[in-house]
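One structure is given here, and the rest of the page talks about it.
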Amino acid sequence: METDEPGDRSVVSTILSRRSIREGFEKRSVSRTDLETILACGLAAPSSKNAQPWRFHVLLDDAVRSHIADAAELSPDADDYVPHDPRTGRPDAAWSSTVAESAAVLRSVPVAIAIENRGVFSGGLQVMRRASHENLVASLTAFGLENMGLGTALSNMWLAANSLGISAAFLGDLAIAEEVAGPLLGCSGDLIGILALGYSSAVAPPRRQPPRSTQVAEPVVWH
């Protein structure tokens, strides 16, 4: 029988209520069952050519998370780890480093998931850095497609966690600790960041407005 009633909007509600939670984490651990559900949602993400460029490293050990956090804070580039302007090669003055903040979050959560890009199209950052200019330009699209897949996997895991009552925040700037974290975790590819997970008593903050400098007058255009 046909109906005009709307479908289940719980997924939409989860998406619209998602926030980055970086404080108030309890010592309560996240169950193995819930972690496996979150990971299954990440593994179910779409990716270009179905190449599935990811590998997920579950950081259960307090010492491992603390070691990565320490490495990030002690990095000589920590204060300048912000978007750089490719036209000048210099840090963009509009942004400030949040490495120390992210390191503190990683120490406070009971578990986190490090996300590795295996570089199935591009070969990864090390290969791209050694490539000729012509070859590098030709590979940028492929590198972007890898990261689009990784982004969908990250989003899937984040939303799955929220639907299970677990708070989360993506700590992308902890990729600065890759020289320490990569060998520690056995990564063969690039560390793109860490999804922090846990139960938090913090009230979800209101949605923040993005910086004006990054925005356009019409973010949605109908054709």
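The values are calculated or read from the model by the stated rules, or taken from the named source; none is laboratory data. Predicted, not measured: the structure shown is a model, and the values here were computed from it. These accessible areas exclude ligands, DNA and RNA; they are computed on the full protein's heavy atoms, side chains included. Shrake-Rupley method; radii C 1.70, N 1.55, O 1.52, S 1.80 Å.
Residue by residue, the stretch 11-23 carries 3J(HN,Hα) couplings of 5, 4, 4, 5, 4, 6, 9, 4, 9, 7, 10, 10, 8 Hz when phi is fed to the Karplus relation 6.51 cos²θ - 1.76 cosθ + 1.60 (θ = phi - 60°); x denotes Gly or Pro. Computed from backbone phi with θ = phi - 60° and the Karplus coefficients 6.51, -1.76 and 1.60, the 3J(HN,Hα) list for the stretch 33-50 is 4, 5, 4, 5, 5, 4, 5, 4, 5, x, 5, 8, 5, x, 8, 4, 6, 6 Hz; x is used for glycine and proline. Annotation: amide H-H contacts under 5 Å for Arg55 (H modelled 1.01 Å from N, sequence separation of 5 or more, or interchain): Glu116, Arg118. From largest to smallest, the equivalent ellipsoid semi-axes obtained for the chain from the alpha-carbon gyration tensor read 28, 24, 20 Å. Computed per residue of the chain from DSSP H runs no shorter than four, each worth -39500 (n - 2.57), the mean residue ellipticity at 222 nm is -12500 deg cm²/dmol.
Between Gly89, Gly42, Gly144, the residue with the greatest mean-square fluctuation in the GNM of the chain (Cα pairs under 10 Å linked by springs) is Gly89.
Based on protein heavy atoms only, the chain ends up with 62 Å² per residue of surface accessible to a 1.4 Å probe. Remark: relative contact order (the chain) = 32 percent; criterion is Cα-Cα distance under 8 angstrom and separation of 6 or more residues. Ligands, DNA and RNA aside, Glu218 has an accessible area near 120 Å² when probed at 1.4 Å. Couplings 3J(HN,Hα) of the stretch 97-108, computed from phi: 5, 10, 4, 4, 4, 5, 4, 5, 4, 4, 5, 8 Hz, in residue order, whole Hz [Karplus 6.51 cos²θ - 1.76 cosθ + 1.60, θ = phi - 60°; x for Gly and Pro].
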